[in-house]
1. Collect the residues in region 349-386 that are β-branched (Val, Ile, Thr) and outside the structural domain of ILE214 (by TED's automatic domain parsing), keeping them in residue-number order.
2. Failed condition for GLU332, given (1) surrounded by fewer than 21 Cβ atoms within 10 Å (Cβ to Cβ); (2) at pLDDT below 95; (3) out of contact with any Asp or Glu (no Cβ under 6 Å at 6 or more places or on another chain), with all others met?
3. Test ARG147 against the stated conditions and say whether it is modelled with pLDDT of 95 or more and assigned by TED's automatic domain parsing to the domain that holds ALA286.
4. Report yes if LEU34 is among the aliphatic types (A, V, I, L, M) and either part of a helix (DSSP H, G or I) or surrounded by fewer than 22 Cβ atoms within 10 Å (Cβ to Cβ) (or both), otherwise no.
5. Which ones in region 303-326 are among the hydroxyl-bearing types (Ser, Thr, Tyr) and touching a Leu at 6+ places or on another chain (Cβ under 6 Å)?
6. Quick one: would you say ALA256 is closer than 22 Å to PHE20 by Cα, surrounded by fewer than 18 Cβ atoms within 10 Å (Cβ to Cβ), of a type outside the set (Lys, Arg) and modelled with pLDDT of 95 or more?
7. Among LEU346, LEU339, LEU299, LEU304, which is the only one that is in the same structural domain as VAL358 (by TED's automatic domain parsing) and not in a helix (DSSP H, G or I)?
Amino acid sequence: MVGISAKSTKILVYADSAVFSGAESLLCEVVSGLAADPRFEVAFVAPESSTDLVDALRAATGNDPEASVPAQPLPLAALHLYDPRRRKSIAATLSGIDADVMLLNLPSAEYGATPLLETGALAFPVVGLMHISRTMAELGFRLGSIRTVLTRHAVRNLESVCVVCAESGRHYASNWSSPDVKITVVRLPAPVIRPGDQLLGRRDLGLPEQGTLIGMAGRLTVRQKGQDIFVDAAAQLIRDRPDLKFVLAGEGKDRARIEKMIADRGLEQKFLLLGQVENMSAFLDAIDLIVIPSRFEGLPLIALEALAAGVPGVTASVDGLCDVWPPQWRVEPEQPGQLARSLGALLDAGESAQADLVQSGRKQMKDLSSSDPSVDVADALERALQ
């Protein structure tokens, strides 16, 4: 039996994302903890073109990449798993790397799974770190049924999988799992954000110093994050609350689409788009309520950060948000009317009810986060080796 001995186990981290998102941020935090553990030697491969990812993994491991691998395109991701040129390049890379176990970055089941098809080149077990475990058919994506079949063929080669919330674990078990696959729910990094001064936060970001601000933070990808639902809810809210303003933090491919939606609803004077915000503490200090209207998620870090910062709000009842956000302040996804009504009710509820929401969420969050998110992943790697 192979076991972990001090300074002897080599982990190969494989990440082929074309974009740097929350999944990659978590991966890098986990890798940093693994690299600091004297039991492990950590190497990584990543696309040379994904400079943010390469730089973050270099900082986490203290090493340069072992090799560059081709990035997986995101649109219709499952089809790109089978690109023969990508597969040939990946197989050649893997056959030349000595490792004991692989940690595979899987933002979703179909995004990042190509190495699992190269069983001839994989001389070591593979542990996946997965965020979205629902199928593309469930989520209503184009060619969803075909993509699900293609993805299932790949992920069946996982030795074990780490998921970021219990809800994702349940989805994985029903959608992808075989009896031999071990599913581990891993804790996310404990937020280091603390409540701060609202006026200073608004000044730091150039936001209005007076009035109520309702905010949303996340990559500008409407299909997942639901900025369109937020805009429609805002249009309903201001009918009775014309003094409200709304702020979006984040950048992404759908910025122009969101700007057009805002303009079409006559909300140009009500919405402020900040772009990418590095100082998330200032953003959370600045807003009065947060909105997380996602159609699907793993467990978004912004939900934990908002609770840590003492910001109440309303979220969609999807995936990991169900594990951490109080049910009375969640709404069904894709329901802007429900979202608007719940936001209005929360505004009217007063400080005591808002504080109760935050306190309830913090209690639920306590068991879902850790000061060292690598610990649970290290345990999964050890079990895979055994």
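1. VAL375, VAL377
2. (2)
3. Working: modelled with pLDDT of 95 or more: yes; assigned by TED's automatic domain parsing to the domain that holds ALA286: no.
Taking the combined requirement at face value, the residue does not satisfy it.
4. yes
5. Of all residues in region 303-326, those among the hydroxyl-bearing types (Ser, Thr, Tyr) come to 315, 317.
THR315, the sole residue that qualifies.
6. Values: closer than 22 Å to PHE20 by Cα: yes; surrounded by fewer than 18 Cβ atoms within 10 Å (Cβ to Cβ): yes; of a type outside the set (Lys, Arg): yes; modelled with pLDDT of 95 or more: yes.
It is true that ALA256 is closer than 22 Å to PHE20 by Cα, surrounded by fewer than 18 Cβ atoms within 10 Å (Cβ to Cβ), of a type outside the set (Lys, Arg) and modelled with pLDDT of 95 or more.
7. LEU299
Every residue, every condition in (1) among the charged types (D, E, K, R); (2) out of contact with any helix residue (DSSP H, G or I) (no Cβ under 8 Å at 6 or more places or on another chain), yes or no:
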{"residue": "GLY298", "(1), (2)": "no, no"}
{"residue": "LEU304", "(1), (2)": "no, no"}
{"residue": "PRO312", "(1), (2)": "no, no"}
{"residue": "PRO336", "(1), (2)": "no, no"}
{"residue": "ALA349", "(1), (2)": "no, yes"}
{"residue": "ALA353", "(1), (2)": "no, no"}
{"residue": "LEU357", "(1), (2)": "no, no"}
{"residue": "ARG383", "(1), (2)": "yes, yes"}
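The values are calculated or read from the model by the stated rules, or taken from the named source; none is laboratory data. Keep in mind it's a predicted model, so treat the numbers as computed, not measured. Cβ sites come from the backbone with ideal geometry, for glycine too, and all protein chains shown count toward neighbours.
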